[in-house]
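Remarks on the structure that follows.
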Amino acid sequence: DGDVDVVSRGGDAHLLPGGGRTEAGDPHHIRLTPQSPGDEQLTRGMHQRGSHQEWLAAMGAIASYPRVVANLYASFAAPLLRILGAANFCLHNGGPSSGGKTPCLRLAASAWGNPCEIDAGLLLSWDSTGVGAERACALRNGMPLLLDDTKRVAAQRQELIRDLIYLISNGRGR
């Protein structure tokens, strides 16, 4: 068994939390060993619940809402970027409070696992340390990084948002 500390597409295989492989007939079992409790929490959120048909039926109800669909498509684009040789990107859901930004992110997260902000959910807050943000990016390499609530970042730490957008867009820190 090999241990890895990132969830990433490597060659023709995809490494998944809890172990797993995508290559047919591969005799090696790949297991994710989180490097911190925060890493473990991030990876616990990636799991299946319900059926594919149930999820498709729920997503059919959102087809007439362009903002929601854009978030879902952006989420699906994340693992394709490296395969296509495309650059990383950020999708910003600007708007007034109670405008539906968080539900859009929850629906995008639901394609990958737990769409909550708490209890090992995939929806994270911008209110983080620089190191925590970089760890989340590294752990989600090839997967969408869904961040909510820029208002939670203190006024004196607004540079964190700028630096994190730079990190995500360029695929590396400053």
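What follows draws every value from the coordinates through simple rules; no lab data is involved. In this text, all values refer to a predicted model and were calculated from it rather than measured experimentally. Don't worry about glycine lacking a Cβ; one is built from the backbone with ideal geometry, like all the others, and counts go over all protein chains shown.
What is the mean projected area of the alpha carbon convex hull for the range 41-135, to one decimal in square nanometres?
7.5
Taking amide hydrogens as modeled 1.01 Å from N in the peptide plane, which residues meet the under 5 Å criterion relative to residue 125, leaving out close sequence neighbours?
Sorted by chain and number, the residues that satisfy this are 148.
Which whole-number value in Å³ per residue fits the convex hull of the alpha carbons of the range 62-104?
Value for the range 62-104: 76 Å³ per residue.
Can you tell me the FRET efficiency between residue 92 and residue 56 if r is taken as the Cβ-Cβ distance and R0 is 22 Å, rounded to the nearest 0.05?
Efficiency at R0 = 22 Å is approximately 0.20.
At most 11 other Cβ atoms within 10 Å and a DSSP loop assignment: could you name the chymotrypsin sites (Phe, Trp or Tyr not before Pro) in the range 49-91 that fit?
89
Residues with amide H under 5 Å of residue 47's amide H, sequence separation 5 or more or different chain, H placed in the peptide plane at 1.01 Å from N; which?
Residues meeting the amide H criterion: 113, 114.
Quick one: length gained pulling residue 120 to residue 162 fully straight, 0.36 nm per residue minus the C-alpha distance?
12.6 nm
Give a residue-ordered list of calculated ³J(HN,Hα) values for the range 57-67 (Karplus: 6.51 cos²θ - 1.76 cosθ + 1.60, θ = phi - 60°; whole Hz; x for Gly, Pro).
After applying 6.51 cos²θ - 1.76 cosθ + 1.60, I find 5, 5, 6, x, 5, 9, 4, 8, 10, x, 5 Hz.
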